[in-house]
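The values are calculated or read from the model by the stated rules, or taken from the named source; none is laboratory data. Not measured: the values here are computed from a predicted model. No Cβ is skipped: glycine too gets one built from the backbone with ideal geometry, and neighbour counts run over all protein chains shown.
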Amino acid sequence: NEMLSWQRTSYHFQPQKNWMNDPNGPLFHLGWYHFFYQYGPNSAVWGNITWGHAVSKDLINWFHLPIAMVPDHWFDSEGVWTGSATILPDGQIIMLYTGGAADGAQLQNLAYPLNLSDPLLLEWVKYPGNPVIVPPPGMKDFRDPSTAWLGPDKKWRITIGSLVNNNTGIALVYKTTDFKTFELLDGLLHEIPGTGMWECIDFYPVSLTTKDGLDISAYGPGVKHVLKVSMAVGMEDYYAIGTYDPINDKWTPDDPKADVGIGHRVDDGKFYASKTFYDQKKKRRITWAWIPESDSESSDLLKGWASLQAIPRTVVFDTKTRTNLLQWPVEEVESLRSESYDFGNLKLEPGSVLPLNIGSATQLDIVATFEIDNEALQSTVEASVDYKCSTSGGAGSRGVFGPFGILVLADELFSELTPIYFYISKEPNGNAKTHFCADQSRSSKASDVAKPIYGSDVPVLHDENFLMRILVDHSIVESFAQGGRRVITSRVYPTKAINREAKLFVFNNATGVSVTASVKAWQMSCAEMNPFPPKGNDL
Ligand code: DQQ
């Protein structure tokens, strides 16, 4: 089936076939980026979870390696679930992961590479004394150990998510010196009633002063800590920025209203179980994330695969707003840029759509800047006070100052299209508020796919234009606003807007303002994703 095979991506990480979910234990070792992932080797549906494994020199082109760990012990007989890597100061690699065991038990286990001098880390040893942590009495959901960080008392800490009192999400903290015996601390790193089970907790420092990432154990002045939880209810990742007290192992959000599970989504679209790691090669913190499908299970079975990984993103503190992170595709993705197209100074009157002739528009990197008449914006009082991307009618619904943006994966007749756009509304006090949205409602003629409208408001500072970057790769669209202050990942399943029928447009559907747009687009080459060359071949 042409449509189904068209959906497979060309430069996003995915296994050759079958099921994938969470990123696991990303790390950099002896010149190679290692990526492990929840992998169901027998079918395109979750089950019998193992750790898939791949290596890369640049986070974009990959070699698939043999499965790193399979369920072969009593302590992980139901599945080798999610875990994280810690690189110790002496270079040892510690892998902690959750074993799914008999009767639904969730146990924390230790594994390490058999041979640290193997750059490919092909063989993994499970510590015979596993499990190293069993759930506290009465706790059932208890999984996804984090990377460990070193405290001032020279002990390592990890955090593990759970829930108590039916619905309070919690982050437990354990201390250890040898990763074999652990001590549960009395207090919690953090908790929030009403947020449900916290999966895949990620906890890491960000610098307030430099663009460099920080290694896991940094703390002190000039450093904030990000707490990210993956909320099982609704499968959404949330983060908040706050202060870590390494004496009492407690974390406090800067803004209680923007606390974890309440404030910032990591990504307003389809994006779950994200996990960061510190890249010591380029001194940056990078996040991975599982991008699930939005189609039906039967389509996945027909395709023979399900899920993608997001293009890895650098993560830094936004020193301009000081309230959010900036996420940006790693610079290495730009090595795939081939033919480029420049459309400068496009004047878009209210209600206009312009085709951008670039040939097939299925694998693209797009950078777009929009300028509007600031005077008109200041002087007009517009009523759309309660504008919300998800409920305000999508790109077809017009206001004075929006929507304007880009149509991706659109066919000539607009029978299918995915608008990525800004919409400016006014607050009751007259202040402008900018929304960044992705509208999937007309993205596909197929009836068995989800077609939500995603998005939220994004800070646009007074000297800034409206900026977007969009990565298009067949069935995935990753959209970044204002340098990565907001990100929306969409899964789309066009049936007409495919191959050479897939086109690109820029539009202004506002009623009251003209927009000047500049768009630069690159065709993207395919990334290499091959089995590792057999022994004897040159690396
Ligand atoms: N996926 C894993 C769990 C984790 C969940 C199992 C999050 O360890 O909590 O595949 O997607």
Filtered residues of the range 418-436 (kept if touching a Ser or Thr at 6+ places or on another chain (Cβ under 8 Å) and either touching a residue at least 40 places away in the same chain (Cβ under 8 Å) or not in a strand (DSSP E or B) (or both)):
Thr418, Ile420, Phe422, Ile424, Ser425, Lys426, Ala432, Lys433, His435, Phe436
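Each row is one residue, and each column tells you yes or no for (1) of a type in the set (Ser, Thr, Tyr); (2) at negative phi; (3) surrounded by 17 or more Cβ atoms within 10 Å (Cβ to Cβ).
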{"position": "Gln309", "(1), (2), (3)": "no, yes, yes"}
{"position": "Thr323", "(1), (2), (3)": "yes, yes, no"}
{"position": "Ser340", "(1), (2), (3)": "yes, yes, no"}
{"position": "Asn345", "(1), (2), (3)": "no, no, no"}
{"position": "Thr362", "(1), (2), (3)": "yes, yes, yes"}
{"position": "Thr369", "(1), (2), (3)": "yes, yes, no"}
{"position": "Asp373", "(1), (2), (3)": "no, yes, no"}
{"position": "Ala376", "(1), (2), (3)": "no, yes, no"}
{"position": "Gly396", "(1), (2), (3)": "no, yes, no"}
Is it the case that some residue within the range 239-258 is of a type in the set (Lys, Arg), part of a strand (DSSP E or B), touching a residue at least 24 places away in the same chain (Cβ under 8 Å) and within 16 Å of the ligand (Cβ to nearest atom)?
no
Condition (residue is within 16 Å of the ligand (Cβ to nearest atom) and charged (D, E, K, R)) applied to the range 198-221: is it met by at least one residue?
yes
Return the total of residues in the range 164-184 being in a strand (DSSP E or B), more than 16 Å from the ligand (Cβ to nearest atom), within 20 Å of Tyr97 (Cβ to Cβ) and not hydroxyl-bearing (Ser, Thr, Tyr).
4
Would you mention how many residues in the range 386-417 are closer than 16 Å to Phe436 by Cα, assigned to a strand (DSSP E or B) and of a type in the set (A, V, I, L, M, F, W, C)?
5
With respect to the numbered conditions (1) surrounded by fewer than 24 Cβ atoms within 10 Å (Cβ to Cβ); (2) in contact (Cβ under 8 Å) with a residue 12 or more places away in the chain, which one is the sole condition not fulfilled by Lys282?
(2)
If we ask which residues in the range 222-237 are without any contact (Cβ under 8 Å) to a residue 40 or more places away in the chain, part of a strand (DSSP E or B) and either of a type in the set (Phe, Trp, Tyr) or within 16 Å of the ligand (Cβ to nearest atom) (or both), their number turns out to be 1
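Need at least 2 residues that are hydrophobic (A, V, I, L, M, F, W, C), away from the ligand (no atom under 16 Å from the Cβ) and buried (at least 18 other Cβ atoms within 10 Å of the Cβ) per element, so show me which strands (runs of 3 or more DSSP E) inside the range 55-130 make the cut, counting only ones lying wholly within it. It would help to see each step written out before you state the result.
Details: elements: 62-69, 79-87, 93-100, 106-113, 124-126.
Correct list: 62-69, 93-100.
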Single match in Ser294, Ser299, Ser274, Ser217 (criterion: in contact with a helix residue (DSSP H, G or I) (Cβ under 9 Å, 6 or more places away or on another chain) and among the hydroxyl-bearing types (Ser, Thr, Tyr)):
Ser299
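Listed here are the residues, each with its yes/no results for (1) out of contact with any Leu (no Cβ under 9 Å at 6 or more places or on another chain); (2) at pLDDT below 95; (3) surrounded by 18 or more Cβ atoms within 10 Å (Cβ to Cβ); (4) within 26 Å of Asn374 (Cα to Cα).
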{"position": "Val458", "(1), (2), (3), (4)": "yes, no, yes, yes"}
{"position": "Ala481", "(1), (2), (3), (4)": "no, no, yes, yes"}
{"position": "Arg485", "(1), (2), (3), (4)": "no, no, yes, yes"}
{"position": "Ser490", "(1), (2), (3), (4)": "yes, no, yes, no"}
{"position": "Ala517", "(1), (2), (3), (4)": "no, no, yes, yes"}
{"position": "Ala527", "(1), (2), (3), (4)": "no, no, yes, no"}
{"position": "Asp538", "(1), (2), (3), (4)": "yes, yes, no, no"}
Go through (1) surrounded by fewer than 21 Cβ atoms within 10 Å (Cβ to Cβ); (2) under 20 Å from the mean Cα position of the chain (by Cα) one by one and return the number of the condition Asp202 breaks.
(1)
Please pick out the residue among Val316, Val381, Val353 that is surrounded by fewer than 13 Cβ atoms within 10 Å (Cβ to Cβ) and of a type in the set (A, V, I, L, M, F, W, C).
Val381
Run Ser43 past the list (1) hydroxyl-bearing (Ser, Thr, Tyr); (2) under 22 Å from Ser230 (Cα atoms); (3) assigned to a loop (DSSP other than H, G, I, E, B) and report the number of the one that doesn't hold.
(2)
Note down all Cβ pairs under 9 Å where the first residue falls in the range 350-366 and is free of Cβ contacts under 8 Å to residues at least 40 places away in the same chain and farther than 23 Å from Glu331 by Cβ, the second is surrounded by fewer than 23 Cβ atoms within 10 Å (Cβ to Cβ) and among the basic types (Lys, Arg), and they're at least six residues apart or on different chains.
Asn357/Lys503
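Condition first: within 17 Å of Met95 (Cβ to Cβ) and hydroxyl-bearing (Ser, Thr, Tyr). Now tell me which residues in the range 166-180 satisfy that.
First pass over the range 166-180, keeping only residues within 17 Å of Met95 (Cβ to Cβ): 174, 176, 178-180.
Within the range 166-180, Tyr174, Thr176 qualify.
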Subset of the range 1-47 (residues that are over 22 Å from Met524 (Cβ atoms) and among the basic types (Lys, Arg))
Lys17
Of Gly194, Gly187, Gly138, the only residue that is more than 14 Å from the ligand (Cβ to nearest atom), modelled with pLDDT under 95 and either within 23 Å of Ile94 (Cα to Cα) or in a loop (DSSP other than H, G, I, E, B) (or both) is Gly138
I'd like to know if the range 6-22 contains one or more residues that are outside any loop (DSSP other than H, G, I, E, B), away from the ligand (no atom under 15 Å from the Cβ), within 22 Å of Tyr112 (Cα to Cα) and in contact with a strand residue (DSSP E or B) (Cβ under 7 Å, 6 or more places away or on another chain).
no
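Kindly indicate whether Met3 is touching a residue at least 40 places away in the same chain (Cβ under 8 Å) and away from the ligand (no atom under 16 Å from the Cβ). Spell out the reasoning first.
Numbers: touching a residue at least 40 places away in the same chain (Cβ under 8 Å): yes; away from the ligand (no atom under 16 Å from the Cβ): yes.
Answer is yes for this residue.
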Does Gly261 satisfy being within 16 Å of the ligand (Cβ to nearest atom) and out of contact with any strand residue (DSSP E or B) (no Cβ under 8 Å at 6 or more places or on another chain)?
no
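Considering Asp186, Asp215, which residue is acidic (Asp, Glu) and within 24 Å of the chain's Cα centre (by Cα)? Show your work before the answer.
Values: Asp186 fails: within 24 Å of the chain's Cα centre (by Cα).
Unique residue meeting the criteria: Asp215.
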